[in-house]
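One structure is given below, encoded as structure tokens.
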Amino acid sequence: MAKLEESTVSEASELETKLIGAIAHRVVDDLALVVDRSMTSEVLEVCRIDRRQAGQGQVHISFKLGFTAPSGSGHGCLLMPLPDAVALASHLMMEPDATVKERRGDTELDRSTRDAMIEVANFVGGATDAAMRTLSVSGLSARSEGCQGVRADVRPAFPYQEGSLLVLGQARFQLHTFDPFEVLIMLPVLAELD
């Protein structure tokens, strides 16, 4: 589990913890279905933090998310290491396993891979929205706001007021036969989930 950057950490609510688990589960289920490969998730920790967290040690892809609730709106993301995001995009393009394994080392993405990455972002947004609806709290919704590469050890960009609370879920995903990888899920604190 990645060490959190300097941040004030507090306990997440029961509904926030349930939502992070539902999002992680639904994202891997939906992506596994569309890429036709096995995928698993395990939530490691859920807490509240007062600053966005960076993906450590390597370039990541931020699958940006927008949230709407009766109490207001907010933004967040699902942060995934670049090699694993490239593997998902490559599987989505139906590339053979040997090609996907080679492409995991790509740092420059061609047009078709970028387009496939946007499709992955759309699936992440749809899965997040579906997970929110399982909570039976009316008026909650989520949507994809695209994706963006993020340099190693740099916090992802999304509309956020420094010092505001976020819900952070740290999860471990595994795609097909590749090594497990850590994903960070950051959500705004919504009054409906408190």
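Just one residue in the set THR107, THR68 is of a type in the set (Ser, Thr, Tyr) and either closer than 16 Å to ARG37 by Cα or within 19 Å of the chain's Cα centre (by Cα) (or both); that residue is THR68. Of the strands (runs of 3 or more DSSP E) that lie entirely inside segment 85-194, those containing 2 or more residues that are in contact with a strand residue (DSSP E or B) (Cβ under 8 Å, 6 or more places away or on another chain) and either among the acidic types (Asp, Glu) or open to solvent by 70 Å² or more (accessible area, probe 1.4 Å) (or both) span 141-150.
Report the residue count in segment 69-84 for those that are at pLDDT 95 or above and in a strand (DSSP E or B). Give the derivation first.
First, the residues of segment 69-84 that are at pLDDT 95 or above: 74-84.
Filter once more, so that each one left must be in a strand (DSSP E or B): 74-81.
Number of matching residues: 8.
In this structure, is ARG111 touching a Pro at 6+ places or on another chain (Cβ under 6 Å) and of a type in the set (D, E, K, R)? Reasoning before the result, please.
Values: touching a Pro at 6+ places or on another chain (Cβ under 6 Å): no; of a type in the set (D, E, K, R): yes.
No: the conditions fail for ARG111.
A single member of LEU19, LEU79, LEU33, LEU15 is under 16 Å from THR128 (Cα atoms) and free of Cβ contacts under 8 Å to residues at least 12 places away in the same chain, and it is LEU33.
The values are calculated or read from the model by the stated rules, or taken from the named source; none is laboratory data. Not measured: the values here are computed from a predicted model. So basically every Cβ, Gly included, is an ideal-geometry build from the backbone, and we count neighbours across all protein chains shown. Note: accessible area is taken over every heavy atom of the protein model, side chains too, but ligands, DNA and RNA are not part of it. Shrake-Rupley method; radii C 1.70, N 1.55, O 1.52, S 1.80 Å.
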